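Since the structure comes first, as structure tokens, the remarks are kept for the end.
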Amino acid sequence: MWVDDWAPRAACRDTTPDQLFVRGAEQNKAKQMCTGCAVRTECLAEALDNQIEWGVWGGMTERERRALLRRRPNASWRKVLEDARNEQLSSPGTAVVVTSL
């Protein structure tokens, strides 16, 4: 089920922006915060659909998101990610890898 009002449920909701808008090796720390976040997919979709250029969103750095946007510049990322999530939920044991889309 997709959560439109995802931000209050995010694992990073009590984090200062300085911890998410970082460079280099610090990005790995920020990405770890996303691991296991219940609304990671919604967060990532918002960043991709709005082409947010800075920070870690949904477990991906700006560089990782740019690579996805280059591959599918006109995609509705909410639809892509929601469909992938629904497919995964209907096929337990099948991993859906976002970076392969």
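Points to keep in mind about this one:
- Farthest toward positive dipole pole in region 7-100 [+1 Lys/Arg, -1 Asp/Glu at C-beta], among Thr16, Asn50, Ala75: Ala75
- In a simple Cβ point-charge model (Lys, Arg +1; Asp, Glu -1; nothing else charged), the chain has a dipole of about 360 debye relative to its Cα centre.
- Sorted fewest first by neighbouring Cβ atoms within 10 angstrom, Trp6, Trp57 come out as Trp6, Trp57.
- The alpha carbons of the chain occupy a box of 37, 28, 24 Å along the principal axes, longest dimension given first.
- Backbone geometry of region 7-16 corresponds, through the Karplus equation with coefficients 6.51, -1.76 and 1.60 at θ = phi - 60°, to 3J(HN,Hα) couplings of 4, x, 9, 5, 4, 9, 4, 9, 8, 6 Hz, x marking Gly and Pro.
- Comparing Val56, Val80, Val39 in a Gaussian network model of the chain (Cα springs below 10 Å), the most mobile by mean-square fluctuation is Val80.
- For the chain, built as a Gaussian network whose Cα springs stay under 10 Å, the top-fluctuating residue of Cys34, Cys43, Cys12: Cys12
- Listed residues Ala25, Ala45, Ala75, most fluctuating in the chain (Gaussian network, C-alpha, under 10 Å): Ala25
Here, each number is a calculation from the coordinates, and none is a lab measurement. Please read these numbers as outputs of a predicted model, since none were measured by experiment. So basically every Cβ, Gly included, is an ideal-geometry build from the backbone, and we count neighbours across all protein chains shown.
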